[in-house]
Structures are given as C-alpha cells and as structure tokens.
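J.: Structure below; questions to follow.
The values are calculated or read from the model by the stated rules, or taken from the named source; none is laboratory data. All values reported here derive from a predicted model rather than from experimental measurement. Every residue, glycine among them, receives a Cβ derived from its backbone with ideal geometry; neighbour counts consider all protein chains shown.
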Amino acid sequence: GAVLGNSNFIKNYLFGFSVSIFATLLLYTISMFFELPLNAFTILVVLYAPALAMIYRAYKKKNLSVFKMEPDDYKIMLISLFFLFFVVNVMLTHNTLFVSNGTYFYSKYYTIVKSIEKYNNFPFYAPYSAQGEQLFLVDSPAMFSHIAFVKAFFPFVHPVLFYNYMSAFILFLTILGVSLLIRECVKGINPYLAALGGSAVGLSFIFVQFLE
C-alpha cells in the first residue's frame, strides 16, 4: 500500500492484499516454467521478500506513514473485529467446513496443499474433481494457490481449520472493503456508521449460511 502515497490505512491494507494475489500468480508461473520447487523457503522469498524490502527501505528513510492509523480507521477496525468475533467463534472448527459449497472449493485447495507437501510442485489437475481431469489452470492459481501457499508455513494446523481461518479473514476484508466503499460514496460520514454498514453487508453472508 505504500505506492498509494497519502492514503488511509484500510485502503493500503486492502490494496496490499490485492497485490499479493499477483505475487501468487508470479510464483505459480515461475514454478511451472522453470521447475522451481515449492517449499516454505521459495514461497517466502517470492511472496514476502519484496514486501520486507519495501518496509526496510521505508524504515531507512524514516517514512513509515503507511503504517499510521487514523482515528477513523481505528474505529472501523475495532467495530469490524467486534462483529467478526461473534461469527468466528462458530466458524473456527477442524471438522466442519463453514463456507457454502465448501467441499468443492476445499478439495481444490487441499489438492494444492498435498502436492506441495509431497512433491514440492503445483498440481496440473485434480482427477477426483467434479468434472474428472479438470485443468487447474482455470481458476485454482488465483483462487486457491494463494491460500495453499500460506498453508505451507503452518503444516501443524489442521487443513480444515486453516481453511476456516482464511474464510474468516476474507470475511474481515469484505467488511473493511464495504466500509471503505461507504466512506468514499458518502463523504464525511461518521466512521461508526460506515463500520456498521460494512458489518451488516459482510455478516449478511454469514446469516444466509446459517439459514442453509
């Protein structure tokens, strides 16, 4: 988020996460074309080394404003985490997938995890997916490899529990994103109202899941 200049913390945070998806695609491309083994070290170098280098550069120049949180951002983060707390306490289990169609999506994610753990490479397809030998090149590199690459750093965490953790994190990003959208559309809105609006929209997906 440092490339945005004088921007708020939430916008930098969301933008930084978005850029990390492109880093995931870069790692996927390099591993496929150059047969780079996928392990915790290579994933760390490609995904996190550039970010650490930028942080170190900002530290040397004493320009750490990107990490500064304004009072409005602090209020929105606090309220978002408060509402999220009531949801994640039922989401974070190791024996139940919380997300709708979780089995289908989880199978794609877990195929990548097992391939990295056993063979240090990215799978080309999942023979047991719904459509047989469906190519993983369609959606898996962007949607699922990002989560699987992070999982490589936490081999001791149950894969189902880790997937539910990531689902809760995506929900948190959704709440922040909606809050940011409300603030951009309604200039000068009270940050508490923006946070409540973001929480209402984000948590509505969870309520629908409960009804299912």
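J.: Name the single residue that is surrounded by the fewest Cβ atoms within 10 Å (Cβ to Cβ) among those in segment 157-194 being of a type in the set (Gly, Ala, Ser) and at pLDDT 85 or above.
T.: Checking each candidate, the answer is GLY177.
J.: If a residue must be part of a helix (DSSP H, G or I) and surrounded by 14 or more Cβ atoms within 10 Å (Cβ to Cβ), how many such residues does segment 5-18 contain?
T.: So the answer is 9.
J.: Can you tell me which residue among VAL87, VAL138, VAL66, VAL150 is under 15 Å from SER167 (Cβ atoms) and either more than 16 Å from the chain's Cα centre (by Cα) or modelled with pLDDT under 65 (or both)?
T.: One residue alone meets the criteria, VAL87.
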